[in-house]
Structure formats: structure tokens, C-alpha cells
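In what follows, a single structure is set out as C-alpha cells and then discussed.
The values are calculated or read from the model by the stated rules, or taken from the named source; none is laboratory data. Please read these numbers as outputs of a predicted model, since none were measured by experiment. Note that we place each Cβ from the backbone using ideal geometry, even for glycine, and neighbour counts take in every protein chain shown. To get the accessible areas, we keep the full protein, side chains included, count just its heavy atoms, and leave off ligands, DNA and RNA. Shrake-Rupley method; radii C 1.70, N 1.55, O 1.52, S 1.80 Å.
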Amino acid sequence: MTSRAPQKASELSKTPEEPPDGGWGWMVVLGAAIINTVNQALFSVFGLIFGETLKDMAGGHATGITLVMAVSVCVTNFSGLLVGPLMKRGISVRTITIFGVVCVGVGMILSSFATEIWHIIISYGFFTGLGLGVIASSTFLAISEYFTKRKSTAVGLSMAGTSTGQMIMPIFVGLLLKNYEFHGTSFILGCISLTGVVGAFLFKPVLCCKKPEELNVEEGKYDLNSNSECEETKTDLNKSESQSLLQKEVKSVIQDPKKKDPIGIVSKESMFQKRTSCLKQVINTWDLHLMKDFRFVHMSLGLGLCYVSSISFSTFFPMFLQDEVKFDMWQTTTCMTALSAADIAGRMTMPEIFRKLDMGNRSQFMVGAVLLGISRSVLVYLTSYQGVLVVSVIVGYIRSITIINQNLVISEYIPKNELPSAVGLNMVVKGFFVMSVGEPLGMLKDAFDYDTCIHLLDIIILSVVIFWLTEIVLYKRCCKAGNAQDSVVTTPAA
């Protein structure tokens, strides 16, 4: 009996297509790409779909557009907190993804019947925003269950579906609006979004492919984020406290002569402990103890700032080309299409390039951030169409590095059992930054020009790299000092 267990383990380790990094995992990537193509790409065409309709509903003002967009962004980023607790209750990633896809589709279909702004706030802002946020977390977590060393490649291929949809959707939505107007377009897009359920069904593996169950920490040579040097051990905060409460709360037991069950007399101290245990249950449900980890918080803040920089540049870029460089509509759309096409190529090729170089995800992100800041700053000084087109391709290709590694930086550092909550908390940080930094950037644009705004966005991401490098250097020094002190203490006296 005892000799069979290691034999099974060795047999499993020799399975050629055993996940991670093989087998059914590539079908999961295909499913995630399908979902991203028909769902996540909708966010980029929000203004095209709802712009004119919301202006008409608001009497020609743009307040309706900003209000619906603000609600959608807020709900999308905060909905990531739902995935972690749902998975802890035993709900599969596939079921959560189907729920997100249905929310997106239902929200778009309900929007087709909207006649007031508050209808769209509920349908698109709440339902579609909720679905997009859930999908963003669940698709990444589904891929994380099947990949370790080649996770960057898998995430890049799945996210290529988003870029593909962003290239196709504007043309497709334009044709729909021309033939079916707003109500018909929203209804058709809602039905198309529901086809993402097909991709979610691919998340279930066949019988010959089993998911890894005992990999709690990412594998790989990620020296920048490794916790092994300091020999840190994280306490298991998910352990039940029922035993300790039972030992402390019952001070004496009295036997009731009429009843067989004993009566427990509970002290005031135990009542206070019950109240605090509810708070601890909340902390354990969302793994809020991660907020006490300085390195995780530092990573999340940096990722949030880079996320704001990325989406703000995407907003400023077409306006910069038209207002500052004086390009016509055809030249502007050509540069934007070239940037998106290069982004797709980068998402499909960059992960393999960095994997050959044996670089960790955080290192990849910092390299991409530096190159992205330099290339975007060069772009604003160009005036010729050919020069802007070439640099747009470079910007798009480099941008893919930072987009792919947004969640991978977190997954590289956080243990697998805490990853759903960590991704959700990271999304919340992004939401706070979007809501707090977006308006000041708009005011800065009104005071200066697009060149200044883009340079400021580049300074933000370069500052993140500087702070991260400082943290890494200090962390390494502390680890070396701690190891040296431990070696002195453990050395036996002569």
C-alpha cells in the first residue's frame, strides 16, 4: 500500500501532456480568447454605440456619457472582489465565467430597450460592467490553473482575442448602426456576447487531462520576487477558529434535569471574540491580510498607476494626432490600426521571447515600461505621417509587454490559493486610480496640450520602475543582512 503512492506520483510526473503547460490548457486559452473577442472588446466601442443616443437623452450634453462610463468602470473594477469568495465556496471558474458572460449579454440586450439614461446606467453600467469585471478575473484564473512556466504565452494568446475584437468591432458596429440604429445594434451585440458561453465550456478538461492540485506557488527562476531567500513563511489565516472558541467560551456546564443536553454559560470575553471572529471571517474571505504585505501593496499601486497611464494614452492618442499633428481621419485611423495590429503581434510573440531570456514577469514589466515611456515620448516630437506610423507600430508592440504582465506580476508573487483575492484587490486599486486620476488629467489637458499630458504619463510609468527597483534593492540587502545574522547565531562557539 505504501509503495504505490510514490509510484503514482512518478507516473504523473512523466505524463507528456499533463498540465501545467500542455494538454487541455491550450483549449482553455482558445476559450478565453473567444470570450475576450466578443465581450472585452465592447469596452473600446462604448462611445460609438452609446454616444449619440446618450447625448440625445441628455438634451445634447455629454453628462450622460460620462455618468454611464463612470458607473461601468467602477462596477467593473470592484466586481473582481466577487471571484475570490465564490471560488472559496466551491464554485468553479467555468461557472463564474458563464455568469459574467450572461451578465454582459443581458446588459446589452436590456440596453436595446432603453429610453432613459437611468435605463442604460442599470443595463450597461451595472450588468455589463459586472460581467466584464468578472470575466477579466475568471479567464486569467482559468489559465493560471493550467500553466506555470508558459503562463505568459498563454495569457498573451488569450488577450490577443481582445485586440482582435478591438480591431474588428469599430467597423462591425459602424455597419450595424447604419442598418439597424442603436436599438437593433445593442440587441445584436448582446446576442453575440452570449456566444462567449461556448468559450467558457472549454474550461472543463477532458478525463485524460487533470488540473494540478499541489502547486501553490509559481514555478520558475523569478529572483526578483522570490521569498525563499529570507525563508519567509506565511501563516495560514484560513484556519478555522471554532476549536479555540469552544475551548474559551464555555466556562462551566450545568446539566438541566429536564433536558439531556447541557447548557453552556458563555462569558463576556467569548461574546467579544465572536464579534471579532466575524471581522476575521471577512478578512479571510477576501484575504485582506494581503494588504499588510508591503511588497504586494507596492506592486498593486505601481500596476494601478501604469494602468491609468495606458488607458489615458489610448484616449489622448487619436485626439493628439488630429489636434496637434493635424492628421485627417484616414491617417488617424491608419495609425491607430497599425498600433493595434502591432499590439496583437506583441501579445503573441513577446512572452516566448522573454521566456527564452529566462526573465520574470516583474522584470518584463519594468523593461516594457521603460521602453514604452521612451517610445511614446519620441512619438510626440514627430510630425511626418511615415514617422508617426512607424513609431506607432513600435509603441503598440512594446505596449503588449505591460498589458500581458498586469496580472502576471501579482501571480508570480502571490501563492495560488490567494491569487483570486489578490487579482480582485488589484482591480479595486485600478478602479480607485481611474476615478481619482482621470479628472485631474483632463484638467491638465485643458491647461496645457496633449504633448505635456503624454510626457506626464511617461513620467508616471518611469517613476513606478524607479520605485520598484529601489524596493528590490532594499529587499535584497535586508535578506542578505538577515541571512548573515542567522549564520552568526547558528555558528557553534569554538
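At the residue level, W26 shows approximately 80 square angstrom of accessible surface with a 1.4 angstrom probe and all protein chains present.
Efficiency by 1/(1 + (r/R0)^6): what FRET value for I374 and V198, r their Cβ-Cβ distance, R0 = 30 Å, to the nearest 0.05? Write out the running numbers ahead of the final one.
Values: r = 41 Å, r/R0 = 1.38.
Calculated value: 0.15.
What full-extension length gain, to one decimal in nm, is calculated for D446 and K280 as 0.36 nm per residue of separation minus the Cα-Cα distance? Don't skip to the end; give the middle numbers.
Numbers: separation 166, 0.36 × 166 = 59.76 nm, distance 4.66 nm.
Contour length minus the Cα-Cα distance gives 55.1 nm.
Rolling a 1.4 Å probe over the protein heavy atoms leaves I122 with an accessible area of roughly 80 Å².
Which order do peptides 143-150, 93-100 fall in by mean Cβ count within 10 Å, highest first? Before the final figure, lay out the partial values.
Values: 143-150: 20.8, 93-100: 22.2.
My ranking of the peptides, most packed first, is 93-100, 143-150.
Of the peptides 370-378, 30-38, the order by per-residue mean of other Cβ atoms within 10 Å, starting with the highest, comes out as 30-38, 370-378. The slack in the chain from K480 to K88, taken as 0.36 nm per residue of separation less the alpha-carbon distance, amounts to 137.4 nm.
Taking all protein chains together and rolling a 1.4 Å probe, C306 ends up with roughly 10 Å² accessible. Label-to-label distance, V473 versus L389, with points set 7 angstrom from Cα along the beta-carbon direction: 4.3 nm.
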